[in-house]
Every structure is written in structure tokens, then in C-alpha cells.
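Working notes, beginning with the structure itself.
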Amino acid sequence: MKKLRKLTLLTLALSLVLCLTGCDLFGGGVTKEDAVDYVKAQMDVIYKGEFQGYLDLVADSTEEECQEAYDSKMTAEAEYLMSCLAIEYPTEELTARFADLYRQIFAKADYTVQEASKLDDGSYSVKVVVKPIDIIDQLNSAWYDFSEEFEAKYADVDPNAMTDAEWEDWYVNTYDADYGQSLADLLESLIPSLGYMEETSILVQVQPDEDGYYYLSDDDFSNLDWLVVYYDSLGT
């Protein structure tokens, strides 16, 4: 008999980790196919907002839980990127806009959960092949022209002509707000030309806990998560 626990959410620096449990180890019901389906179900929920595979796999799971996991991931990704881009005062509206852009980006995620091998300790090593999305690389390439054009808009602003209160209000509600929306405009403009970096693969381990339930470790999912969108060029 297969026993599947509900998901829990752990927010890491970048990734939102779905800890799904697998099949009952002691019942001997775990197969290589289960391990592959297990990993794919997690990825489909968190990246593509596709829930049916997870709902079929995990007893007592609900669409509302899956939706919460997916939305939380998009928000976490948006907050991470805005922080990296030095958007200092993001509003709820701006955060929601970046999260929606990430929904469009992750909808194009290219990954294949290929195969699983059973190890001596009863766990499974699962191979995942990923083509990392290159949109952050494109954003980085467009950065110089963007920053030059943006700074030119405010070249005539004289901070010395403002009181401290006026300067703070202008900086938060005009400069930083415009900066955030302009970056969102730039990111949105790059989505139609989104491409992929060189294909890469990673092995993740689906392993039993002390109660015989299978799970994907936080570290494994974080490593996998880092491959889906290529961030290494950010800020270089």
C-alpha cells in the first residue's frame, strides 16, 4: 500500500522546496517509476502550476495546497530578483507583477525526469535533464543600455534643492518606483525571445526517512531549482 503525505513548504534563499513523501518502504511498493513520477510531480507543481500529477500521487492533497505552493514560489522568485536588482521599496503591486512575469517564464521551463536507479540503501537516484532558461543572462546583457537610459531621465534632478522629507518621498515614490516598473518592463520585453543555456543533468536522491516515507532532500531540490533558470550571470 502506498502512503503519501501532504506537502510542506520550506522557503530557502532562492527556492521554495516541496517535500513530498513517497511510498511506504516497508510494504515494498516503491518502484523506479514511482521515484520518477515523484520528482516530476514536484517540479510540475512548483514551476508550471500543473497539479494533477501531484493530486493523483498524494493522498488527501488538495488543489488549494498546490496553488499556495505555486504562488509562494513565484512570489519568492520575484522577491529574490528584485533584491538582486536593488529595488529597495517594492510595493505589493510591483511584487505581484514580477511574480506574474515569473509565471510566464517558468511556463517555458524545459526539464525531463529521465530515469531512476535503486541504490543499496533502498533509496533511488533520479536523473533530471534541464535546459536552463537564459532570460537572466539576457537581462544582464541589456543592463548597460537600460541603466544609461534610466539615469538620463533624472540627470537634472537636484537633491540639494529638496528638504530631507521631499528627497525621501521623491526617491521612494518616484525614482525607486519608476526603477522597479522599468525593470519589469524590460524583463517582460525579453520573455518572447527567451531561450535556453546548454543542456545539463543532475542526480537527485529520493530517500526513505525513519518511518519509511520517501522524500527529496532540501539540498537536492535547491540544487535542482538553481538549474531551471540560469542566474550565474546576474550582476556580472
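The values are calculated or read from the model by the stated rules, or taken from the named source; none is laboratory data. This is a predicted model, so every value here is computed, not measured. FYI the Cβ positions are ideal-geometry reconstructions off the backbone, even for glycines, and counts take in every protein chain you see. SASA here: full protein model, heavy atoms, side chains in, ligands and nucleic acids out. Shrake-Rupley method; radii C 1.70, N 1.55, O 1.52, S 1.80 Å.
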Could you check the simple spin-label distance between Asp169 and Lys48, using points 7 Å along Cα→Cβ, in nm with one decimal?
5.0
Need one value: the accessible area of Lys108 in square angstrom, 1.4 angstrom probe, rounded to the nearest 10.
90
Among the listed pairs Lys32/Lys73; Lys108/Lys153; Lys48/Lys118; Lys48/Lys153, which are separated by more than 32 Å between their Cα atoms?
Lys108/Lys153; Lys48/Lys153
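Return the carbon/sulfur percentage of the accessible area of the chain, one whole number, probe 1.4 Å, all protein chains in place.
Within the chain, the accessible surface is 46 percent carbon and sulfur.
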How far is helix 177-190 tilted off the main Cα axis of the chain, in degrees rounded to 10, range 0 to 90?
50
Around Leu186, with a cut-off of 11 angstrom between Cβ atoms, what is the net charge of the other residues, counting Lys and Arg +1 and Asp and Glu -1?
-4
For the chain, the longest principal axis of the Cα atoms and the Cα long axis of helix 32-43 enclose an angle in degrees, to the nearest 10, of 20
Rounded to the nearest 5, what % of the DSSP beta bridges within segment 89-236 are antiparallel ones?
95
Just in segment 99-134: which chymotrypsin sites (Phe, Trp or Tyr not before Pro) are loop by DSSP and have at most 14 other Cβ atoms within 10 Å?
none
Sum of side-chain charges, Val39 neighbourhood, beta-carbon under 13 Å (Lys, Arg +1; Asp, Glu -1):
-4
With each pseudo-label sitting 7 Å past Cα toward Cβ, what's the Leu203-Glu115 distance in nm, one decimal?
1.2
Once the Cβ-Cβ distance between Ala59 and Gln104 is put in as r, and R0 is 35 Å, what FRET efficiency do you end up with, to the nearest 0.05?
0.60
Length gained, Tyr154-Glu68, 0.36 nm per residue minus C-alpha separation, equals 27.0 nm
Extension reserve of the Ser193-Tyr144 stretch, reckoned as 0.36 nm per residue once the Cα distance is removed
15.8 nm
Determine the distance separating the Cα centre of segment 38-95 from the Cα centre of segment 139-172; give it in Å without decimals.
33
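Give the accessible surface of the chain per residue, rounded to a whole number of Å², with probe radius 1.4 Å and ligands, DNA and RNA excluded.
51
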Please work out the Kirkwood hydrodynamic radius for the chain, using every pair of different C-alpha atoms, and report it in angstroms with one decimal place.
19.6
Comparing Glu79, Glu166, Glu188 in a Gaussian network model of the chain (Cα, 10 Å), the one with the largest mean-square fluctuation is Glu166
Helix axis angle, 92-106 relative to the chain longest principal axis, alpha carbon, degrees:
50
